[in-house]
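S.K.: Dropping the structure in here first, questions after.
The values are calculated or read from the model by the stated rules, or taken from the named source; none is laboratory data. Not measured: the values here are computed from a predicted model. Here the Cβ positions follow ideal geometry from the backbone for every residue, glycine too, while neighbour counts run over all protein chains shown.
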């Protein structure tokens, strides 16, 4: 298979070094790294990533992550792709197992693997059956077909936080021949918009469920109440400490 790891970078950041170090050992004719820099990245920062036949650097003005991902898809010439944020890494001692499972499965619509959420110290295992109620397939350990993602319109930019969830929901509704594995593929750094603006992200996710899965309003209200209660409990726990 031809696989590109896509990383979109908003501004100069040392986090990209960890991502580079995790990807570099696997770069070859079958696997490349596409870095999509925004207009806010300096020339010195772009040049800090060593030149390599299997690293492609693209700098295009964008107005957010999901426009950047769409631009990256347009610049991607591989069959499949996966998305890693700056600071996210491939799990070194397991990635060969990931590649072996992909090779054994053959060409499929998508491949879903597990992801370590480093900031929460938990591992998220993909479960397509739960996508209608939660982000049950971690985006950083999902491998999708470039052509198929573009066929469904790419990433929907009306969502600022949960467009990756929307994309996975639409993708798996349209393309159902998928491999689901418990093997850990990536380590997710955390600390992004989905945490900083977590309640807004929850609202977007519920809109997606209503629009794609026709989720009932009562179920939506119930999930949001639970989300609010959990947030309040977590805040009170911090205050008590």
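S.K.: Taking the stretch 101-123 as the region of interest, how many residues are modelled with pLDDT of 95 or more and within 17 Å of the chain's Cα centre (by Cα)?
M.R.: 9
S.K.: Somewhere in the stretch 57-69, is a residue part of a helix (DSSP H, G or I) and free of Cβ contacts under 8 Å to residues at least 40 places away in the same chain?
M.R.: no
S.K.: Residue check: is residue 193 modelled with pLDDT of 95 or more and surrounded by fewer than 20 Cβ atoms within 10 Å (Cβ to Cβ)?
M.R.: On the way: modelled with pLDDT of 95 or more: no; surrounded by fewer than 20 Cβ atoms within 10 Å (Cβ to Cβ): yes.
The answer is no for residue 193.
S.K.: Can you confirm whether residue 107 is in a loop (DSSP other than H, G, I, E, B), closer than 20 Å to residue 186 by Cα and out of contact with any helix residue (DSSP H, G or I) (no Cβ under 9 Å at 6 or more places or on another chain)?
M.R.: Details: in a loop (DSSP other than H, G, I, E, B): yes; closer than 20 Å to residue 186 by Cα: no; out of contact with any helix residue (DSSP H, G or I) (no Cβ under 9 Å at 6 or more places or on another chain): yes.
Answer is no for this residue.
S.K.: Which one is nearest to residue 174 (Cα to Cα), of the residues in the stretch 189-221 that are in a loop (DSSP other than H, G, I, E, B) and touching a helix residue (DSSP H, G or I) at 6+ places or on another chain (Cβ under 9 Å)?
M.R.: Filtering the stretch 189-221 for residues that are in a loop (DSSP other than H, G, I, E, B) and touching a helix residue (DSSP H, G or I) at 6+ places or on another chain (Cβ under 9 Å), the one nearest to residue 174 (Cα to Cα) comes out as 213.
S.K.: Looking at 19, 13, which is the one that is surrounded by fewer than 21 Cβ atoms within 10 Å (Cβ to Cβ) and either modelled with pLDDT under 95 or assigned by TED's automatic domain parsing to the domain that holds residue 107 (or both)?
M.R.: Being surrounded by fewer than 21 Cβ atoms within 10 Å (Cβ to Cβ) and either modelled with pLDDT under 95 or assigned by TED's automatic domain parsing to the domain that holds residue 107 (or both) holds for just one of 19, 13, which is 13.
Yes/no per residue for (1) farther than 25 Å from residue 207 by Cα; (2) out of contact with any strand residue (DSSP E or B) (no Cβ under 7 Å at 6 or more places or on another chain):
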residue: 103; (1), (2): yes, yes
residue: 107; (1), (2): yes, yes
residue: 116; (1), (2): yes, no
residue: 130; (1), (2): no, yes
residue: 136; (1), (2): no, yes
residue: 146; (1), (2): yes, no
residue: 149; (1), (2): no, yes
residue: 160; (1), (2): no, yes
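S.K.: For the stretch 32-44, which positions are in contact with a helix residue (DSSP H, G or I) (Cβ under 8 Å, 6 or more places away or on another chain) and surrounded by fewer than 20 Cβ atoms within 10 Å (Cβ to Cβ)?
M.R.: Scanning the stretch 32-44 gives a single hit, 38.
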